[in-house]
Amino acid sequence: MLDDAMRPFRRGASVLIDTVMEQYSAVQAEFSGRTPPRLMALRWALQQYCHEAGRASYGKAPRCPHTEGSVTSFGPDSLKCNKLVADAYATGAEKGLSTGTDWSGPGNSTGWPAELLNGDLWPPQANRLADQKLNIRSLTNARPLRQPDEPKASPELGDLIAFPSSDGSGHVGLYLGKNLLLSAKETGIEIHPLEYERVLHGGVVVIRKFTGTER
């Protein structure tokens, strides 16, 4: 087992996943067998987490291999949290990419937003996803995570949870339920409490939802 800051959150991970999958199954039942994109994306990301090689490939040190139908491969020493989210929706949820000259203007489809730059396809960075003033096609506007007693406070399974950073690139992951985040860290795909990232990023947490629109 890796001996790093994430080690405490790996203990009991199998129990956490069992609990989360119970919640996943309950939500799935509400849709009468029709799986919404956010659940498909989350299931795909969990499959990568449960596969040792897949989990490690999203770490900072190795090159993350190209995922067919998704964004450009990220090289070694790159943080890959935004790639994991893009891969989960573009490939895992089978939504493909909405390619354009930027992330805010019109795209060529209704998939995950990607910017075409010098032949490469780049997903929006975590700080951009956390920017409440920035409109990004195929996603709802970013809104703050509210207190539990406020209306529409709780994110839904598979929603994007983003944490802006003024001195870095920020962080983004998928909401796993039970106040847990599934995201790509330096060590690879990890599961940890939202509060862990909230503290690391100055207390600001925002939510976006995938809508599958061109704008």
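The values are calculated or read from the model by the stated rules, or taken from the named source; none is laboratory data. Keep in mind that this is a model prediction, so the values were computed, not measured. Here the Cβ is made from the backbone with ideal geometry for all residues, glycine too, and neighbour counts use every protein chain on show.
Got at least one residue in the range 33-43 being within 20 Å of Ser169 (Cβ to Cβ), free of Cβ contacts under 8 Å to residues at least 40 places away in the same chain and among the basic types (Lys, Arg)?
no
With respect to the numbered conditions (1) buried (at least 17 other Cβ atoms within 10 Å of the Cβ); (2) in contact with a strand residue (DSSP E or B) (Cβ under 7 Å, 6 or more places away or on another chain); (3) not basic (Lys, Arg), which one is the sole condition not fulfilled by Leu79?
(2)
Within the range 32-62, take every residue that is within 20 Å of Leu79 (Cβ to Cβ) and among the hydroxyl-bearing types (Ser, Thr, Tyr) and give me the one that is surrounded by the fewest Cβ atoms within 10 Å (Cβ to Cβ).
Ser57
Conditions first: (1) in contact (Cβ under 8 Å) with a residue 60 or more places away in the chain; (2) under 17 Å from the mean Cα position of the chain (by Cα). Pro124 passes all but one, so which condition is the exception?
(1)
Checking Asp102 against (1) outside any loop (DSSP other than H, G, I, E, B); (2) more than 16 Å from the chain's Cα centre (by Cα), only one condition comes out false. Which one?
It is condition (1) that Asp102 fails.
With (1) farther than 22 Å from Arg128 by Cβ; (2) buried (at least 18 other Cβ atoms within 10 Å of the Cβ) as the list, and Pro65 as the residue in question, which single condition is left unmet?
Just one mismatch for Pro65, condition (2).
Is there a residue being within 26 Å of Thr19 (Cβ to Cβ), at pLDDT 85 or above and either of a type outside the set (A, V, I, L, M) or out of contact with any strand residue (DSSP E or B) (no Cβ under 8 Å at 6 or more places or on another chain) (or both) anywhere in the range 134-142?
There is no residue in the range 134-142 that is within 26 Å of Thr19 (Cβ to Cβ), at pLDDT 85 or above and either of a type outside the set (A, V, I, L, M) or out of contact with any strand residue (DSSP E or B) (no Cβ under 8 Å at 6 or more places or on another chain) (or both).
Just to be sure I understand, how many residues within the range 172-187 are over 17 Å from Ala41 (Cβ atoms), in contact with a Pro (Cβ under 9 Å, 6 or more places away or on another chain) and surrounded by 21 or more Cβ atoms within 10 Å (Cβ to Cβ)?
Of the residues in the range 172-187, 0 are over 17 Å from Ala41 (Cβ atoms), in contact with a Pro (Cβ under 9 Å, 6 or more places away or on another chain) and surrounded by 21 or more Cβ atoms within 10 Å (Cβ to Cβ).
Given the options Gly111, Gly105, name the one that is surrounded by fewer than 17 Cβ atoms within 10 Å (Cβ to Cβ) and small (Gly, Ala, Ser).
Gly105
Output yes when any residue across the range 5-14 is modelled with pLDDT of 70 or more, among the hydrophobic types (A, V, I, L, M, F, W, C), over 15 Å from the mean Cα position of the chain (by Cα) and farther than 14 Å from Leu176 by Cβ, and no when none is.
No, the conditions are met nowhere in the range 5-14.
Would you pick out the residues in the range 70-86 that are outside any loop (DSSP other than H, G, I, E, B) and within 12 Å of Leu121 (Cα to Cα)?
Phe74, Lys83, Ala86
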